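Right, one structure below, let's go through it.
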Amino acid sequence: MTDNQSFKLTKHPSPTSPEKRAALMENPGFGKIFSDHMVTMSWNAEQGWHNGEVKARAPFAIDPAAAVLHYAQEIFEGMKAYRTKDGIALFRPEENARRMAMSAERMAMPAIPEKLFIEAVEALVRADVDWIPEGDGSLYIRPFMFSSEPFLGVRPASDYIFCVIASPVGAYFKGGYQAVTVWVSDDYTRAAPGGTGAAKCGGNYAASLIAQAEATRNGCDQVVFLDAVEHRWVEELGGMNVFFVMDDNRLVTPPLGGTILPGITRASIIKLAQEAGLTVEEKPYSFEEWRKDAESGKLREAFACGTAAVVAGIGSVRFKDGSFSIGNSGDGEVTARLRANLVGIQRGSVDDAHGWVHVVR
């Protein structure tokens, strides 16, 4: 298969009826309902990427000794397709392609060429365009790759499967945006220097689940991880990057350095904040600073950002020895303004001065 080849389309023999699809999309939740088709593509050392096709979504048949089941050689991405006044659009898909290539390199997997990655995503969007909700909803797209070679030796696999599936999702916050409560983990860390923190691999998320469960038990929406070395510096949430809005027009966010996922929403927020006149500082910020700055009023707002929620204000913080609130414990002015600008660009209601919006059709 070459970069210029289109993906072969085999339409679903019995697709979901329009009536059933409409009923499912009335209240889709997140990641629970899936569209009719999927994209698959295979790789081996002899043929490279080959057998690209769009076909009916169906289970995989893999050998019990497939490397992914034993050594977790797997990576994925998350992105969305939107309905805009200009048609169907993706947001910065080339950045997803580049990040997946970086994740592949870290996990000793073959990289997918950027053009081929985008073509695969576009092929699925076109096949399942009717699954893209109107209004505030979107089609969440999950490209992923896993090692399929059956062997029990510890080495990079020689066979891989790439797949793209899609799930219609509604607005992340029903009834308007709500500030979240977060739990600062004292016992668990997400990533260490030299580890896989900057790769979007399933193992990172598996390791975070026990801490997320702890957060839930303590009445929190998300977990916050500190660094693995000093257990002092704020790094990121279980699935989102974090920002701090100070009283002197500064926006502080932990720096990338191999332990934090380079979020595409994060990078977009930094650019928009700078254009809005905010000074953005990517620097270490300790949990103790966070607590003291919130109590003194120096910290006005805090928010998390990622593909699913886009931008979510952080209202209160809980930890083993207590808790504290941030600002008015609600959605801050800067947080709301940055979110409105970003969402507006994604959905075509705000001018896209950066060429971030990729129209599919």
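Some notes on this structure:
- Each residue of the stretch 31-48 was assigned a 3J(HN,Hα) from its phi angle through the Karplus expression (A = 6.51, B = -1.76, C = 1.60, θ = phi - 60°), giving x, 10, 10, 10, 6, 6, 10, 8, 9, 10, 7, 10, 9, 8, 5, 7, 9, x Hz with x at Gly and Pro.
- Computed from the C-alpha gyration tensor, the three semi-axes of the ellipsoid equivalent to the stretch 132-261 are 28, 24, 15 Å, from longest to shortest.
- Near K80, the amide H atoms lying under 5 Å from its own belong to F91, I141; only residues 5 or more places off or on other chains count, and H is placed 1.01 Å from N.
- 0 to 90° range, to nearest 10: angle between helix 333-347 axis and the chain longest Cα axis: 20
- As a rough guide to protection, the peptides 239-247, 290-298, 148-156 ranked by mean Cβ packing within 10 Å, highest first, stand as 239-247, 290-298, 148-156.
- Normalised radius of gyration (Cα atoms, divided by 2.2 N^0.38 Å) for the stretch 166-234: 1.29.
- Other-chain or far-sequence residues with amide H under 5 Å of R57's (modelled H): H37, M38
- Between helix 93-106 and the chain: long-axis angle, C-alpha atoms, 0 to 90°, nearest 10: 90
- Per residue, the accessible area of the stretch 253-361 comes to 42 Å², computed with a 1.4 Å probe over protein heavy atoms only.
- For the chain, the ratio of Cα radius of gyration to the globular rule of thumb 2.2 N^0.38 Å stands at 1.01.
- Bridging of K8 to lysines at a Cα separation below 23 Å is possible for K55, K80, K115, once same-chain residues fewer than 8 apart are set aside.
- Expressed as a whole percent, the accessible area of the chain that falls on carbon and sulfur atoms is 50 (1.4 Å probe).
- For the peptides 92-103, 203-214, 259-270, residues were scored by their other Cβ atoms within 10 Å and the scores averaged per peptide; the highest-first order is 259-270, 92-103, 203-214.
- Whichever aspartates and glutamates have a C-alpha closer than 16 Å to that of K298, once near sequence neighbours (fewer than 8 apart) are set aside: D247, D248, E281, E288, E289, E333
- The convex hull around the C-alpha trace of the stretch 1-91, projected and averaged over every direction, spans 9.1 square nanometres.
The values are calculated or read from the model by the stated rules, or taken from the named source; none is laboratory data. Just so you know, these numbers come straight off a predicted model, no measurement behind them. No Cβ is skipped: glycine too gets one built from the backbone with ideal geometry, and neighbour counts run over all protein chains shown. In case anyone asks, the SASA skips ligands and DNA or RNA and just uses the protein heavy atoms, side chains included. Shrake-Rupley method; radii C 1.70, N 1.55, O 1.52, S 1.80 Å.
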